[in-house]
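Structure, as structure tokens:
The values are calculated or read from the model by the stated rules, or taken from the named source; none is laboratory data. Here the structure is a predicted model, which means the values were calculated and not measured. Glycine also receives a Cβ, built like all others from the backbone with ideal geometry; neighbour counts cover every protein chain displayed.
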Amino acid sequence: MRPLLVVLGLSFAGTAANVWLLSAHLPWFLLPDFSFLAIVYAGLFLPGPLGFLAVLPPALFREVTITGPPGTFFLASVAVYFTASEIGRRIFLRAEIFLFLIVAGLLAAESASVLLLLIMTGGNPFSLLRGAEEVVRIAWTSLLAVFLFLDLSGRWQRIQE
Amino acid sequence: MVRKFLRKWWRLLLAVALLASAIQFFVRPPEVAPGRIVGEIGTSLFRPFYAGVDFLRRSVSSVWTGYFALVAVSRENADLRKEVAALREQLKESRDAVLENRRLEELLRFSKNLEKRTVGARVVGHDVSPWFQGIFIDGGTEAGVEPGMAVLTPAGAVGRIHRTFSGLSEVILLTDSRFAADVIVERTRVRAIAEGMGGNLCRLKYVSPTQDVVPGDRIVFSGFDGSMPKGILLGTVVSVDAPPEGLFMKIRVVSAVNVLSVEEVLVVLSRPMIPFRRGTP
């Protein structure tokens, strides 16, 4: 129950603070996607139905706070959970660099997919500056994920022991 | 064999199926979106938080100033410097209030001149995703706000309503790459399609090099496509590039309103004349 509450609290407080408190003061690329981190954490560290349950609220928060087409980001977030879960089962090695690469890879894959879809639907969202900002966002969020995941999994392990 | 494969890879297969559904929803949003129910639940969970933050934003500084003033009054030995500091804070607060009043008065005047039914709303949040430019306003279905309605300020257009919930609406800003509308150059009446390109910029499409458009020209909505009210200012042309080959000029327009720092907006409560499909920008 405790990890479930931690994931819920992290995603709710992080997302709400980003959207309703910090967004007017900090540039978008310095605001880490806490709901995304919660989803990847659940995929990697919370096994079974508990992980799936923990993922539903962050997926819901992403759906509400991203102005994308309805339903898209909820489904995409659940897909990210299953992908992270598969990575966790097959190739996940618990070292900082692997955590960093997994989060950065998933963030980059999501970002590239959305950009591709925007271009395919007639938009033209790409610019060099925006690309550079996106790289900063991915790197910063992944770095934060390493500290956050190690801390949370360490605490969880100590409690279990 | 198949069962073994499915048992081994069901997570990945499920992820692929979910992604395929997400892509389908992205490209062709369904008429009855399950996302709406999901969104309603989500917004009702978030409403106390953003209402609280909005309330705090407006009241904390004035409470703080009032507290200092009270302390200054009750303590007779409070030194002059503290009193001056408190008065300065109060003055700053009053200036903020005066500025807010001015903005609201201007909105009201603009709303009366617009000859369309409008409703005022406060900006309560920003979309922080890297792909979209949007804001959240505190007017929703209960105020009669519907998808497709135009969002304006007296200085010019801000965007268009995307999704509505009770007490909250999402607005796609005119600088979002999904925003497009029919516009005209105010001086020469040349028609074009304006499309968002991020930052504070839009581009004008389909303008022939033989047309007369120069930097500094004001761009207004034509109203022909029914998506935005006629005559509302979009922005000013900042660069015109006529490539030696190619059919059209490359024209950049900076929006009249700094869409990311706007605080109060008006929603025009009339539906676009051209049918606007629910859930599409």
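A few comments on the model shown:
- Some residue of the stretch B:206-228 being under 21 Å from residue A:121 (Cα atoms) and within 13 Å of chain A (Cβ to nearest Cβ): no
- Among residues that are of a type in the set (A, V, I, L, M) and within 11 Å of another protein chain (Cβ to nearest Cβ), residue B:197 is included.
- For the stretch A:99-142, the set of residues classified as over 24 Å from residue A:59 (Cβ atoms) and among the aromatic types (Phe, Trp, Tyr) consists of A:126 only.
Per-residue answers, yes or no, for (1) out of contact with any helix residue (DSSP H, G or I) (no Cβ under 7 Å at 6 or more places or on another chain); (2) more than 14 Å from chain A (Cβ to nearest Cβ); (3) in contact (Cβ under 8 Å) with a residue 24 or more places away in the chain; (4) under 30 Å from residue A:112 (Cα atoms):
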site	(1), (2), (3), (4)
B:125	no, no, yes, yes
B:129	yes, no, no, yes
B:140	yes, no, yes, no
B:144	yes, yes, yes, no
B:149	yes, yes, yes, no
B:156	yes, yes, yes, no
B:163	no, no, yes, yes
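- Restricting attention to the stretch A:62-89, the residues that are more than 7 Å from every other protein chain (Cβ to nearest Cβ), of a type in the set (Val, Ile, Thr) and under 12 Å from the mean Cα position of the chain (by Cα) total 1.
- Under the condition of being closer than 23 Å to residue B:133 by Cβ and crowded, with 17+ Cβ neighbours inside 10 Å, the residues counted in the stretch B:204-222 number 5.
- With respect to (1) facing chain A (nearest Cβ under 8 Å); (2) at pLDDT 65 or above; (3) part of a helix (DSSP H, G or I), the lone exception for residue B:29 is condition (3).
- Selection status of residue B:229, over 20 Å from residue B:120 (Cα atoms) and either out of contact with any helix residue (DSSP H, G or I) (no Cβ under 7 Å at 6 or more places or on another chain) or modelled with pLDDT under 90 (or both): no
- Selection from the stretch B:223-257 of residues that are loosely packed, with under 14 Cβ neighbours inside 10 Å and in a loop (DSSP other than H, G, I, E, B): B:230, B:231, B:243, B:244, B:245, B:246, B:247
- The residues of the stretch A:80-116 that are within 30 Å of residue B:137 (Cβ to Cβ) and of a type in the set (Gly, Ala, Ser), listed by number, are A:111, A:113.
- Members of the stretch A:17-51 found to be over 18 Å from residue A:148 (Cα atoms), within 11 Å of chain B (Cβ to nearest Cβ) and outside any loop (DSSP other than H, G, I, E, B), listed by number: A:19, A:20, A:21, A:22, A:28, A:29
- Residue tally, condition without any contact (Cβ under 8 Å) to a residue 60 or more places away in the chain and in a loop (DSSP other than H, G, I, E, B), over the stretch B:165-203: 8
- Test: residue in the stretch A:2-13 that is modelled with pLDDT of 80 or more, touching a Gly at 6+ places or on another chain (Cβ under 9 Å), among the small types (Gly, Ala, Ser) and outside any loop (DSSP other than H, G, I, E, B): no
- Only residues that are part of a loop (DSSP other than H, G, I, E, B) and among the hydrophobic types (A, V, I, L, M, F, W, C) were counted across the stretch B:115-144, and they come to 3.
- Among the numbered conditions (1) over 13 Å from the mean Cα position of the chain (by Cα); (2) within 14 Å of another protein chain (Cβ to nearest Cβ), the only one that residue B:171 does not meet is (1).
- Filter result for residue B:147 (surrounded by 19 or more Cβ atoms within 10 Å (Cβ to Cβ), in a loop (DSSP other than H, G, I, E, B) and modelled with pLDDT of 85 or more): yes
- Scope the stretch A:107-161; condition surrounded by fewer than 12 Cβ atoms within 10 Å (Cβ to Cβ), assigned to a loop (DSSP other than H, G, I, E, B) and not charged (D, E, K, R); matching residues: A:122
- Test for residue A:102: is it in contact (Cβ under 8 Å) with a residue 60 or more places away in the chain and either under 23 Å from residue A:49 (Cβ atoms) or facing another protein chain (nearest Cβ under 9 Å) (or both): yes
- Taking the criterion of being over 26 Å from residue A:130 (Cα atoms) and surrounded by 16 or more Cβ atoms within 10 Å (Cβ to Cβ), the residues of the stretch B:184-203 that qualify are B:184, B:185, B:190.
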